[in-house]
Amino acid sequence: MSTSVDLVHRFGVTRIWLGSRALTDAKAEVEEWAAGRRVFVVSSAPVRALQRDSIADLLGTASDVVELEIPDGEDAKSLTSVEGLTREMLAAGGKRDSRVVTLGGGTVGDVGGFAAGCFLRGIEYAQFPTTLLAQVDAAIGGKTGVNLPEAKNSVGLFHQPRWVVSDSRFLRTLPADEIRQALFEVVKAAILGDPVLFEFLEEGLEDLLASQPDALDIAIARAVAVKVDVVSSDEREGDRRRLLNLGHTLGHALETVVGHGRLRHGDAVGHGMLFAITLAQSRGLAPAEAGRMRDLIDRLAPLQLSDLDPAALATAIGRDKKARESGVSWVLPLEIGRAEVAELSQATVTEELASFIGGCVQ
Ligand SMILES: NC(=O)c1ccc[n+]([C@@H]2O[C@H](COP(=O)([O-])OP(=O)(O)OC[C@H]3O[C@@H](n4cnc5c(N)ncnc54)[C@H](O)[C@@H]3O)[C@@H](O)[C@H]2O)c1
Ligand SMILES: [Zn+2]
């Protein structure tokens, strides 16, 4: 089964194909888009080794495919990678009507999308996300970019893909911890915007953790729908996109203070959501709803933290990329399926953070 959903944005439309037949059902449209053109397929060595057949099959023989490789994982997200890619594209005869296809996780999508957005001031591209995180989050919404040594994702641009082909068969080879990490973002989507997804997660979390294909297809489709709704309404209402930051204000600070090598993003967002629930509860979130949210997050077993320094965390929160001159905003759940952005004073947060840390460290 596959389904498609159109994300309408100011630059046009992104068609997102989902499910276990996405590659097959997207083939005719993507092939036509690529026909007669040079197509740069950006990937990393491990992903290419796993997915070689599917991509060759998808683009068919109608286009002139040039395969490009970047390092695996977060190391790829550098300006050096972008320089390498764009120079190779130029050397291989890339033109304004050439295409880029990214095949891989969020790192490949972010770098390949950024290279496509800069090359000759921007050429069209398609994302083929192969991780759960990329399918539910990174490939949707048009954010692309790379890291500087000083800060993650600090250089980038919005460049919306023409297609996103999220075939869930890609996920069969994904290690269990990659699934668990991405499920924190699925829980985030449920808390933000989908009570039905939340109940589905309560019922079927163990199936999802075990990569059960039908359960994954349902969770992906619903989580994508939440992100599509938020991103497309942001075009009209402005700022609604900030809701996607639920759990990320403290989450990013934890990653900085504990170290990206020691604390993975999903685990950090898990703790960040638990803190957001605590903040929300002292502002009226019903205890029963807060309890259900906490239980679900606890079942994903976020990595236990120890020896956290509240002062270092408070500093890192103030430096968050999304902080504005006016202060740091927090996304707080109002109920399961609804959240709001609130400006909280630094003093309030510091006080609540101290007791939260006291409760979560061992
Ligand atoms: N652009 C956005 O809006 C956005 C949103 C969220 C996250 N991100 C970015 O996404 C990145 C994280 O993405 P990620 O979690 O996909 O990490 P990743 O791209 O580093 O992939 C994780 C690992 O999985 C491997 N892999 C990929 N597909 C596989 C498959 N099908 N089977 C087996 N192994 C596979 C990769 O080789 C890699 O080692 C971060 O850099 C983050 O900043 C971007
Ligand atoms: Zn995240």
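Accessible area per residue for the stretch 1-71 is 49 Å², calculated with a 1.4 Å probe on protein heavy atoms, without ligands, DNA or RNA.
The lysine pair tally for the chain, using Cα distances under 20 Å and a gap of 8 or more places or different chains, is 15. Between 168, 197, 93, the Cα set farthest toward the positive side of the dipole of the chain (charges on each charged residue's Cβ, about the Cα centre) is that of 93.
Relative to its residue count, the stretch 104-187 spans a Cα convex hull of 97 Å³ per residue. Residue separation of residue 311 and residue 298 scaled by 0.36 nm, minus their Cα-Cα distance, works out to 2.1 nm of gained length.
Calculated [222 nm] ellipticity per residue, helices only, for the chain: -16000 deg cm²/dmol; basis is -39500 (n - 2.57) per DSSP H run with n ≥ 4, divided by all residues, nearest 500.
Amide H to amide H distances under 5 Å link residue 194 with 337, where only residues 5 or more positions off or on other chains count and H is placed in the peptide plane.
Specify whether the C-alpha gyration tensor of the chain places it in the rounded, prolate or oblate class, a ≥ b ≥ c being the square roots of the eigenvalues: rounded for a/c under 1.5, otherwise prolate if a/b is larger than b/c and oblate if not. Because a/c hits 1.5 or more and a/b exceeds b/c, the chain counts as prolate.
Surface listing: 351, 340 arranged by accessible area from highest to lowest gives 351, 340, probe 1.4 Å.
By definition, a body whose alpha carbon gyration tensor gives a ≥ b ≥ c is oblate when a/c is 1.5 or more and a/b is not larger than b/c, and the stretch 197-255 fits this oblate description.
Evaluate E = 1/(1 + (r/R0)^6) for residue 61 and residue 345, where r is the Cβ-Cβ distance and R0 equals 41 Å; express this FRET efficiency to the nearest 0.05. Computed FRET efficiency for residue 61 and residue 345: 0.10. Label positions at residue 152 and residue 28, each projected 7 Å from the Cα along the C-beta direction, are separated by 4.1 nm.
Among DSSP beta bridges lying fully in the chain, give the percent that are antiparallel, nearest 5. Here the share of antiparallel DSSP bridges comes out near 45 percent. Converting phi to 3J(HN,Hα) with the Karplus coefficients 6.51, -1.76 and 1.60 and the offset θ = phi - 60°, the stretch 76-89 yields 6, 7, 9, 5, 4, 4, 5, 4, x, 4, 5, 5, 5, 5 Hz in sequence order, with x at every glycine or proline.
Charging the Cβ of each Asp and Glu at -1 and of each Lys and Arg at +1, and nothing else, the dipole of the chain about its Cα centre rounds to 920 debye.
Give the carbon-plus-sulfur fraction of the accessible surface of the stretch 36-165 in %, rounded to a whole number; probe 1.4 Å, heavy atoms of protein chains only. Exposed carbon and sulfur together represent 52 percent of the surface. For the stretch 228-312, the Cβ-based charge dipole about the Cα centre amounts to some 100 debye (Lys, Arg positive; Asp, Glu negative; other atoms uncharged). Karplus-derived 3J(HN,Hα) values for the stretch 179-191, using 6.51 cos²θ - 1.76 cosθ + 1.60 with θ = phi - 60°, are 5, 4, 4, 5, 5, 4, 6, 5, 4, 4, 4, 5, 5 Hz; glycine and proline are entered as x.
Note on the stretch 1-96: antiparallel DSSP beta bridges, both residues inside, total approximately 55 percent of the bridges counted. Computed from phi, the 3J(HN,Hα) profile of the stretch 114-122 under the Karplus parametrisation 6.51, -1.76, 1.60 (θ = phi - 60°) reads 5, 4, 5, x, 9, 4, 6, 6, x Hz, with x in place of Gly and Pro. Grouping the Cα pair distances of the stretch 5-72 into 5 Å bins from zero gives a pair-distance distribution of 3, 14, 20, 22, 22, 14, 3, 0 percent in increasing distance order.
Here the stretch 150-243 was treated as a single set of alpha-carbon atoms; its pair distances binned every 10 Å from 0 give 14, 40, 34, 12, 0 percent. Using only Cα coordinates, the Kirkwood hydrodynamic radius of the stretch 64-120 works out to 11.4 Å. Taking amide H atoms as placed 1.01 Å from N in the peptide plane, the amide H of residue 9 lies under 5 Å from those of 14, each 5 or more residues away in sequence or on another chain. Were the residues from residue 233 through residue 214 laid out at 0.36 nm apart, the gain over their Cα-Cα distance would be 4.0 nm. Put a dot 7 Å past the Cα of residue 74, heading toward its Cβ, do the same for residue 95, and the two dots end up 4.1 nm apart.
Ratio of Rg to Rh for the stretch 236-357, alpha carbon only, Kirkwood? Result: Rg/Rh = 0.94. Cα gyration tensor of the stretch 1-155, axes a ≥ b ≥ c as square roots of the eigenvalues: rounded (a/c below 1.5), prolate (a/b > b/c) or oblate? Rounded shape, in that the Cα axes give a/c under 1.5. Binning the alpha carbon pair distances of the stretch 266-314 at 10 angstrom intervals from zero yields the distribution 24, 49, 26, 1, expressed in whole percent.
The values are calculated or read from the model by the stated rules, or taken from the named source; none is laboratory data. Since we're looking at a predicted model, the values are computed, not measured. With ideal geometry, Cβ positions are generated from the backbone for all residues, glycine too; neighbour counts draw on all protein chains shown. Areas reflect the complete protein model, heavy atoms only, side chains present, ligands, DNA and RNA absent. Shrake-Rupley method; radii C 1.70, N 1.55, O 1.52, S 1.80 Å.
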